[in-house]
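Undergrad: Have a look at this one.
The values are calculated or read from the model by the stated rules, or taken from the named source; none is laboratory data. Everything numeric here is computed off the predicted structure, so don't read it as measured data. Glycine also receives a Cβ, built like all others from the backbone with ideal geometry; neighbour counts cover every protein chain displayed.
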């Protein structure tokens, strides 16, 4: 995530600019392990975003819980969030990251209604 | 000062409290009774040639099925001035899982003791604010105990159930395509 924003890969050139607040965002990344205690806050961040909104799940931990199958971890953030794109990897390569974002752009382009048919 | 000499000093001062002194690869561990832990801490901290001004770490250990006295609280001490270190191990029973807080001696131990309470349920008597640090406040059980199931108790934590319920409820407003 750090590398993909830095000069080599540079997400800014694709028009993906980090915002300071969920209220100004079009999509969000869920990056890293989601714990049960944190799940409420993740959900609240999602609820604060204006529609239309999209979610990208980044890495094994956010996708499925990854190697952590314990009392405190959520087994994939899709248990409580509608995820549009899953980026695999532990951690994902910057290329995979960009691939995931392009996938989301394709998905948005394919929308024919106000919301996507994909959901 | 050599760590074994420190252990000797401690044994002279508290002959009834010190149970065992062990050396392993130059590191000395002193097993003590839990009763006078605050006094022992005060002695190690204040004595000018010992001067353990830095409590590196405090952790709990669960010896379920391996020892009669189930828990242990481990204190890693270091003296920045003299550059020597010592490890204290205080034995705590399961029935009476409480030990005096060493907050009056090392104030920075506040969150360490709270974490130990959070994970093992060992009560630190005299601690000013003994709440859970990492887990939610209404969590049941102590997860680092050996008899705690790895995936948690059968009954899911209510806070996470709320989140699941809410997300299920909001699903009806999603565009189905």
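Undergrad: Looking only at residues that are touching a strand residue (DSSP E or B) at 6+ places or on another chain (Cβ under 9 Å) and not in a strand (DSSP E or B) in region B:85-99, which one is nearest to residue B:17 (Cα to Cα)?
TA: Of everything passing the filter in region B:85-99, B:93 is nearest to residue B:17 (Cα to Cα).
Undergrad: Another question, if that's okay. Residue B:59 is checked against (1) under 19 Å from residue B:92 (Cα atoms); (2) over 16 Å from the mean Cα position of the chain (by Cα); (3) surrounded by 13 or more Cβ atoms within 10 Å (Cβ to Cβ) and fails just one. What number does that condition carry?
TA: (2)
Undergrad: Go through region B:53-81 and report how many residues are assigned to a loop (DSSP other than H, G, I, E, B) and within 19 Å of residue B:33 (Cβ to Cβ).
TA: First, pick out the residues of region B:53-81 that are assigned to a loop (DSSP other than H, G, I, E, B): B:53, B:63-70, B:80-81.
From what is left, the residues that are within 19 Å of residue B:33 (Cβ to Cβ) are B:63, B:67-70.
Of the residues in region B:53-81, 5 are assigned to a loop (DSSP other than H, G, I, E, B) and within 19 Å of residue B:33 (Cβ to Cβ).
Undergrad: Return the residues of region B:143-163 that are at the interface with chain A (Cβ under 7 Å from one of its Cβ atoms), part of a loop (DSSP other than H, G, I, E, B) and over 23 Å from the mean Cα position of the chain (by Cα); say none if nothing qualifies.
TA: B:157, the sole residue that qualifies.
Undergrad: I would also like to ask the following. Of all residues in region B:22-41, how many are more than 18 Å from the chain's Cα centre (by Cα) and touching a residue at least 12 places away in the same chain (Cβ under 8 Å)?
TA: Number satisfying all stated conditions: 4.
Undergrad: Checking the structure you have, find out if any residue of region A:5-26 is more than 12 Å from chain B (Cβ to nearest Cβ), under 24 Å from residue B:160 (Cα atoms) and surrounded by 14 or more Cβ atoms within 10 Å (Cβ to Cβ).
TA: Yes, region A:5-26 contains at least one residue that is more than 12 Å from chain B (Cβ to nearest Cβ), under 24 Å from residue B:160 (Cα atoms) and surrounded by 14 or more Cβ atoms within 10 Å (Cβ to Cβ).
Undergrad: If we keep just the residues of region A:47-105 that are crowded, with 20+ Cβ neighbours inside 10 Å and on the phi > 0 side of the Ramachandran plot, which is nearest to the chain's Cα centre (by Cα)?
TA: It comes out as A:59.
Undergrad: Count, please, the residues in region B:75-91 that happen to be within 11 Å of the chain's Cα centre (by Cα), in contact (Cβ under 8 Å) with a residue 24 or more places away in the chain and surrounded by fewer than 20 Cβ atoms within 10 Å (Cβ to Cβ).
TA: 1
Undergrad: Taking the conditions exactly as written (closer than 30 Å to residue B:72 by Cα, in contact with a strand residue (DSSP E or B) (Cβ under 6 Å, 6 or more places away or on another chain) and surrounded by fewer than 15 Cβ atoms within 10 Å (Cβ to Cβ)), does residue B:151 satisfy them or not?
TA: Judged against the criteria, residue B:151 is not a match.
Undergrad: So, in region B:115-130, exactly how many residues are in contact with a helix residue (DSSP H, G or I) (Cβ under 9 Å, 6 or more places away or on another chain) and either within 14 Å of chain A (Cβ to nearest Cβ) or part of a strand (DSSP E or B) (or both)?
TA: Within region B:115-130, residues that are in contact with a helix residue (DSSP H, G or I) (Cβ under 9 Å, 6 or more places away or on another chain) and either within 14 Å of chain A (Cβ to nearest Cβ) or part of a strand (DSSP E or B) (or both) number 2.
Undergrad: Out of region B:137-163, which residues are within 22 Å of residue B:61 (Cβ to Cβ) and free of Cβ contacts under 8 Å to residues at least 12 places away in the same chain?
TA: B:148, B:149, B:150, B:152
Undergrad: Considering only region B:64-73, state which residues are surrounded by fewer than 16 Cβ atoms within 10 Å (Cβ to Cβ) and free of Cβ contacts under 8 Å to residues at least 40 places away in the same chain.
TA: Correct list: B:66, B:67, B:68, B:69.
Undergrad: Taking region B:33-52 only, how many residues are touching a strand residue (DSSP E or B) at 6+ places or on another chain (Cβ under 7 Å), more than 16 Å from residue B:78 (Cβ to Cβ) and in a loop (DSSP other than H, G, I, E, B)?
TA: Count: 2.
Undergrad: Taking residue B:166 as the residue in question, decide whether it is free of Cβ contacts under 8 Å to residues at least 24 places away in the same chain, farther than 23 Å from residue B:52 by Cα and away from every other protein chain (no Cβ under 13 Å).
TA: So residue B:166 fails the test.
Undergrad: Next question. Could you run through region A:14-70 and say how many residues are part of a strand (DSSP E or B) and touching a residue at least 60 places away in the same chain (Cβ under 8 Å)?
TA: Residues flagged as part of a strand (DSSP E or B) and touching a residue at least 60 places away in the same chain (Cβ under 8 Å) within region A:14-70 amount to 1.
Undergrad: Name the residues in region A:1-25 that are touching a strand residue (DSSP E or B) at 6+ places or on another chain (Cβ under 8 Å) and modelled with pLDDT of 90 or more, would you?
TA: A:22
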